[in-house]
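Report on the structure given below.
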Amino acid sequence: MRAPDPEGGGFSRPGAQAYAAEWARAVRRIAFVPLSAAETERLLLVHTVRLGQALAAPTFSADAAEDVGRALVEAHLTEPAVLDWSVRALADRFLAWVLPVQADLSEARERIAALQGALAAGFARALRDRTFSQQERIARSAWQARDAVEQALRDSEARFRAVFTGAAIGIGIAGVDGTIIDVNQSFADMLGYRIDELREINVAALFHADDAAGLWELYQELIEGKHDSVRVEKRYHRKDGSVVWTDLAVSLIRHDDGRPRFTVAMIEDITQRYELQQRLRFQALHDPLTGLPNRTLFFETLAAVFAGAGPEQRVGLCFIDLDGFKAINDSLGHDLGDRLLKVVARRLADCVAGRGHLVARMGGDEFVVLVDSDGGLDDAVEVAELALAAVSAPMHVGDQQLAVSASIGIVECPAAETSASELMKAADTTLYWAKAEGRGRWAVYDPERSAADIARSALAAGLPAALDRGEFVVHYQPIVSLLDRSLVAVEALVRWQHPELGLIGPDRFIGLAEETGLIVQLGAWVLKQACRDAESWHRAYPRTRVIVSVNLAARQADDPAIVETVAEALQHTGLPAELLQLELTESAVMGTAGEPLRALRCLADLGIRLAIDDFGTGYSNLAYLRRLPIHCLKLAGPFVEGIRADGADDAADHRDERIVDALVRLAHALELWVTAEAVETEAQAERLRALRCDTGQGRWFGVPVPADHIRARLAG
Ligand code: C2E
Ligand code: MG
Ligand code: MG
């Protein structure tokens, strides 16, 4: 995030002033403020700048917000509504004003949530300290009253009574066994009893069941003299059964000889303050749109799972992302999008309800289920299945019927083998797999696959630099006449001389280069290199007329500049056009628009030859073939593989032979050459010749070799 600069850059001084002015107006509207309007605004401007600086600081700390909360109380702005407004405004107005356009929004939101929490905490603590010091004053008079209790036996019972009965705070006196001796009116009112009802009953009867054990222990410790006084926030039952949250301070009064005599308890009703704190905590930990736990609560819970995990403990996670939510949002509007998210959230919560799993919204259309997985992976998969079914059930939002699906990444493993951040990263990767495999499904994390993914992307990332550094080389594989075995052509096949991995074959990087688009530059380089080599052979041995056949990826064939690129390669190197052949696969020939590429005609017009590579593996539209400016079909390896020794009586072999026979006849009818790929044995070569294939390529005639090997062969 950007460094703060109230004068420019990060956020503007006028912006801070406008925010402070609005804050001041709101505060003055809500509460009595013992300051002038201008003083209030000045005060709040200081706080605004502090909050802005905290939000924009390179290393984040929420301490400033705690100070601001505290300062509000110190300035006597103690109304809960003041806190409420200040906390709320941070999330909407403040974020909108202070955030630079390019900032990381989700980080900013996290920071805002932390600032909200700290501000509320500072406010609550200051309020509590203030109440405490007020209570101290009362307690002092009560302790004076303790003397009064003792002295009252001698002289001034009346003075103690006045303090006791008149105090706004509840005061109760009990024996060391807990039996209530006396309480004042405030005490009785707080608990909804009459004074006389409380006398003679035991304080333990008033304890809230969940607090009873702890409270009784404290009481014992007090009586045993471990503490002189104790102070805690505890719940009590009112007579009507409702619960009151109290700030309780108990002190022990001793006999002159030190024996415990009785206890004096002072209680204050803090139910409202407690509820406000609870509400703020809920707001800070839940998503306002769906009411689900938010990512903060999710990560807190996850951290707690890891912190409390024994050696056997497993963690399971389903990371859910709606499919195509952006399209729904864009086409139907954000309002409908929000309603859809609410429905999805409710369904997800319902479908795992009662199974002890936590469902949280991570933001946008991402949800996560923290699976309580005693049953290992099966539990997580079951949750994923339920979630998929819940999301894809028919959905009506407004008057729209929507078809929604989701993809889910599942990670499940022993807690000891991972960390929260690794778990999330794995879930994210797995979600991507589920999406890539066709959406509407789940995928399970596989560390090996992830490692392969990482290696693959590392390889992809290295491609551009490899091209710059000239790490690619072109090898050439002979294509020979099946009649006399003379060298007719060579196929240019690229390899990557990787500095660490050695010589890498194209199957490992051509796909990546196609995905990243680098194939256009790489392909152009191969083309030029192949033309250069072929021209040098042609110059040295003009009578051999060896054709160089260069592969053209679909993306290259689709490139508007392809014709220019090829023409330029020919012109640059001086290779006669008829000695260049380009190989395109069937799918590349058909282009993305579903019809044959227009560029084919222009390429053919340059005078070069065009071949269809791996023919028979794509969707061969033979009707089109007739109208294309094609010169050669390269029969795919699998057909050739089916042709073994002469006379083999395997049914499959015969079928492949019949196919090759038919394809060759068809090709010849269309006046095309046929090259058989992947010829590995003499028997195959012989059969293919008998089937009237024109040329062959494969290990039997020679593997791909560097350019100078071809030159040597031509010389020989
Ligand atoms: P392809 O165009 O079908 O090339 C033929 C592949 O068959 C080559 O693999 C070759 O080494 C291999 N091969 C040779 N003899 C035999 C044999 O007897 N049996 C079998 N089974 N295979 C044999 P390579 O060099 O690994 O190339 C793989 C693919 O990578 C090529 O298939 C081509 O599609 C692509 N490729 C290679 N170089 C380039 C290039 O410069 N540009 C583009 N776009 N693609 C290329
Ligand atoms: Mg090829
Ligand atoms: Mg091929």
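Which value, in Å² and to the nearest 10, is the accessible area of Trp216 when all protein chains are kept and the probe is 1.4 Å?
90
Under 5 Å between amide hydrogens, which residues at least 5 positions from Ile547 or on another chain qualify, with H placed 1.01 Å from N in the peptide plane?
The answer is Ala489, Val490.
Would you please state which residues of the stretch 679-694 a label at Leu483 would reach in this model, taking the label point 7 Å out along Cα→Cβ and a backbone N cut-off of under 11 Å?
694
What are the aspartates and glutamates whose alpha-carbon lies under 15 Å from the alpha-carbon of Lys226, with same-chain residues fewer than 8 places away excluded?
Glu217
Compare the Cα positions of Leu522, His357, Ala455 along the charge dipole of the chain (+1 at Cβ of Lys, Arg; -1 at Cβ of Asp, Glu; about the Cα centre) and return the one farthest towards the positive end.
Positive-most Cα among the choices belongs to Leu522.
Based on the mean of other Cβ atoms within 10 Å per residue, sort peptides 359-365, 570-576, 691-697 so the most packed one is first.
Result, highest mean first: 691-697, 359-365, 570-576.
Describe numerically, in nm with one decimal, the distance between label points set 7 Å from Cα along Cα→Cβ at Arg469 and at Ala451.
That separation, rounded to one decimal, is 2.4 nm.
Please state, rounded to one decimal and in Å, the Kirkwood hydrodynamic radius that the stretch 13-131 gives when every pair of distinct Cα atoms enters the mean of 1/r.
Over the stretch 13-131, the inverse of the mean reciprocal pair distance is 14.2 Å.
I'd like to check one number: the per residue accessible area of the stretch 13-131, probe 1.4 Å, reported in Å² as a whole number.
Here the residues of the stretch 13-131 average 45 Å² of exposed surface.
Quick check: pseudo-label points 7 Å beyond the Cα along Cα→Cβ at Glu686 and Ala96, how many nm apart are they?
8.5
Mind jotting down the distance between the C-alpha centroids of the stretch 421-456 and the stretch 389-420, whole Å?
Going from one Cα centre to the other spans 15 Å.
Quick check on the chain: helices-only [θ] at 222 nm, where DSSP H runs of length 4 and up contribute -39,500 (n - 2.57) each and the sum goes over total residues. Nearest 500, please.
Roughly -16000 deg cm²/dmol at 222 nm, from the helical runs in the chain.
Just tell me which lysines come within less than 16 Å, Cα to Cα, of Lys239; anything on the same chain fewer than 8 places away is out.
Straight-line reach from Lys239, under 16 Å: no lysines qualify.
Residues with beta-carbon under 11 Å from that of Arg609, excluding Arg609: net charge, scoring Lys, Arg +1 and Asp, Glu -1?
After counting each charged neighbour, the total is -2.
Decide, for the stretch 283-428, between rounded, prolate and oblate: order the square roots of the alpha carbon gyration tensor eigenvalues as a ≥ b ≥ c, take rounded if a/c falls under 1.5, and otherwise choose prolate if a/b is larger than b/c, else oblate.
Since a/c reaches 1.5 and a/b is larger than b/c, the shape of the stretch 283-428 is classed as prolate.
Once each part is reduced to its C-alpha centroid, what is the distance from the stretch 171-246 to the stretch 303-331 in angstrom?
With the stretch 171-246 and the stretch 303-331 each reduced to a Cα centre, they are spaced 45 Å.
What FRET efficiency do you get for Glu578 and Tyr619 if R0 is 41 Å and r is their Cβ-Cβ distance, rounded to the nearest 0.05?
Once rounded, the FRET efficiency stands at 0.85.
Taking the alpha-carbon distance from Lys342 and a cut-off under 25 Å, which lysines remain once sequence neighbours fewer than 8 residues away in the same chain are dropped?
Filter leaves Lys326, Lys435.
Between Arg88 and Arg543, what is the spin-label point distance in nm, taking each point 7 Å from the Cα along the Cα→C-beta axis?
Each label point lies 7 Å from its Cα, and together they span 9.6 nm.
Please list the helices of the chain that count as membrane-span-like by this rule: a mean Kyte-Doolittle hydropathy of at least -0.5 together with Cα atoms stretching 30 Å or more along the helix axis, each helix being a complete DSSP H run.
105-154, 447-468, 519-540
Rank by packing, highest mean first: peptides 29-40, 526-537, 623-634, with packing defined as the count of other Cβ atoms within 10 Å averaged across residues.
In descending order of packing, they fall as 526-537, 623-634, 29-40.
May I ask you to evaluate 6.51 cos²θ - 1.76 cosθ + 1.60, the Karplus curve with θ = phi - 60°, for each residue of the stretch 502-510 and list the ³J(HN,Hα) values in order in whole Hz, giving x for glycine and proline?
Whole-Hz 3J(HN,Hα) from phi for the stretch 502-510: x, 7, 10, x, x, 4, 8, 10, 5.
With r as the distance between the Cβ atoms of Ala18 and Thr516 and R0 = 41 Å, compute the FRET efficiency 1/(1 + (r/R0)^6) and round to 0.05.
Here the calculated transfer efficiency is 0.30.
Sort 324-331, 450-457 by the packing proxy (mean of other Cβ within 10 Å over each peptide's residues), most packed first.
Top of the packing list down: 324-331, 450-457.
Given just the C-alpha atoms of the chain, how large is their convex hull per residue in cubic angstrom?
252
For Ala561 and Asp338, what does the FRET efficiency come to when R0 = 56 Å and r is the distance between their Cβ atoms, rounded to the nearest 0.05?
Computed FRET efficiency for Ala561 and Asp338: 0.80.
How far is the Cα center of the stretch 497-540 from the Cα center of the stretch 9-65, in Å?
62
The values are calculated or read from the model by the stated rules, or taken from the named source; none is laboratory data. Just so it is clear, the structure is predicted and the values come from calculations on it, not from any experiment. Every residue, glycine as well, gets a Cβ built from its backbone with ideal geometry; the counts of neighbours run over all protein chains shown. Heavy atoms of the whole protein, side chains included, go into the accessibility calculation; ligands, DNA and RNA do not. Shrake-Rupley method; radii C 1.70, N 1.55, O 1.52, S 1.80 Å.
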